[in-house]
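In what follows, a single structure is set out as structure tokens and then discussed.
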Amino acid sequence: MKFLPAVLTRYFSNDLGIDLGTANTIIYVKNRGIVLDQPSVVAIKTSTHEVLAAGDRAKDMLGKTPESIIACRPMRDGVIANYQLTESMLRFFIKEVHNNRTTLVRPRMIVGVPSGITQVEKRAIEDSAKQAGAREVHTIMEPMAAAIGAGLNVEDPTGNMIVDIGGGTTEVAIISLKDVVYCKSVRMGGDEMDRAIVQYVKRKYNLLIGERTAEVIKINIGTAMLGSEVQEATIKGRDLMTGLPKTLTLTDAEVFEALTEPIAIIIDAVRSALENTPPELSSDLAERGITLAGGTSQLKNLTTLLEAETKLPVRLADDPLRCVITGIGKVLDNLDFFRDALMR
Ligand code: ADP
Ligand code: MG
């Protein structure tokens, strides 16, 4: 392959890595890097099921569509909630990546999947990727990919703990010798936090806000531990008493209160993983600590809270949103070395 003229290689080296996340889909092309990073949202025409948009353009339509259009998040909650829509979305993205140019060889694909996935769900994803044009599909557990992407030495006979907190799920895994020794997946992540904020504001102020508004509040003033300085955010929604639009100010203490339960569930998942770790690996963890990945791991003060709760060093990976795809990319580029890391 090395001696092919540049013009030709692009027709051959089109193997793809895909992080099919509940919130974001990221695609990596072998030897080229990340070529697509879009929200996992698709919009279709209700009557014909024709895809109108996917990614950012579809996300802008969420909650605002007329009856003739459906805009939705097909991967919501960590697995394929809607098989057909996931496939349509994937196909749309892959076509975009290929820029509609024809390739001589259909690509191989490595797709990251949640560790809690059932065999049936795994098959559904593999079928989706095949339908979307793959010649050969491999799957890799997301926490494994995240660990590789975060630069952990997964090939060592040493315990590494990775906690990937995404939109729909939190995956806690202990990895040693390129294999998952223990993993636990809970359906708790950034989406549930957004919903908790929506519920909180509704209960306390009779104000209905959208999940996207809640997400912005979470990112701006959400925190896992309260600081000394008060932070505020202005929110707009619909007053449930009058039915009219209304604006009010929310403090970080209120958002913190709304997030208490989702955060407690994440901490519990980490604790129970630690309790289930074989003793030899436990001592490795005491030394190496815990690595956090995934978009929600960026919630303010979450690292500090986890350190306090586990008494272990906790490190936030570089570029947490892209750990999984970076890992998949490394696997794709060094398939022989990482073959054991793929799911069987
Ligand atoms: P997935 O793998 O499920 O697609 P991601 O790892 O892409 O999820 O993370 C998406 C989640 O991260 C969303 O819920 C988003 O709101 C959240 N998120 C992104 N940035 C931040 C931040 N700075 N603070 C808190 N949450 C964040
Ligand atoms: Mg993810």
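The values are calculated or read from the model by the stated rules, or taken from the named source; none is laboratory data. Computed from a predicted model, the values in this text were never measured in an experiment. As a convention, Cβ positions derive from the backbone with ideal geometry for all residues, glycine included, and neighbour counts pool all protein chains shown. In case anyone asks, the SASA skips ligands and DNA or RNA and just uses the protein heavy atoms, side chains included. Shrake-Rupley method; radii C 1.70, N 1.55, O 1.52, S 1.80 Å.
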Failed condition for T86, given (1) farther than 23 Å from M188 by Cβ; (2) of a type outside the set (F, W, Y); (3) within 16 Å of ligand 2 (Cβ to nearest atom); (4) modelled with pLDDT under 90: (1)
One residue is enough: does the stretch 225-242 have a residue meeting the conditions at negative phi, modelled with pLDDT of 95 or more and hydroxyl-bearing (S, T, Y)? yes
Filter pass, T213 being open to solvent by 30 Å² or more (accessible area, probe 1.4 Å), farther than 26 Å from E307 by Cα, part of a helix (DSSP H, G or I) and among the hydroxyl-bearing types (S, T, Y): yes
Would you please name the residue that is nearest to D319 (Cα to Cα), looking only at residues in the stretch 18-35 that are more than 8 Å from ligand 1 (Cβ to nearest atom) and open to solvent by 10 Å² or more (accessible area, probe 1.4 Å)? I34
Every pair of residues 6+ apart whose Cβ atoms lie under 7 Å, when the first sits in the stretch 149-169 and is hydrophobic (A, V, I, L, M, F, W, C) and open to solvent by 10 Å² or more (accessible area, probe 1.4 Å) while the second is modelled with pLDDT of 95 or more and within 12 Å of ligand 1 (Cβ to nearest atom): A150/A293; A150/A317; A150/C323
Give A58, A129 a once-over and let me know the one that is over 26 Å from E192 (Cβ atoms), buried (at least 22 other Cβ atoms within 10 Å of the Cβ) and aliphatic (A, V, I, L, M). A129
Take Q119 and tell me if it is of a type outside the set (S, T, Y), over 21 Å from the mean Cα position of the chain (by Cα) and more than 16 Å from ligand 2 (Cβ to nearest atom). no
Condition test on L4, is it modelled with pLDDT under 90, over 26 Å from the mean Cα position of the chain (by Cα) and open to solvent by 10 Å² or more (accessible area, probe 1.4 Å)? yes
Can you tell me which residues in the stretch 281-298 are near ligand 1 (Cβ under 10 Å from one of its atoms) and surrounded by fewer than 23 Cβ atoms within 10 Å (Cβ to Cβ)? G295, Q298
Just a yes or no: is a residue in the stretch 205-219 within 16 Å of ligand 2 (Cβ to nearest atom), over 30 Å from L244 (Cα atoms) and not aliphatic (A, V, I, L, M)? no
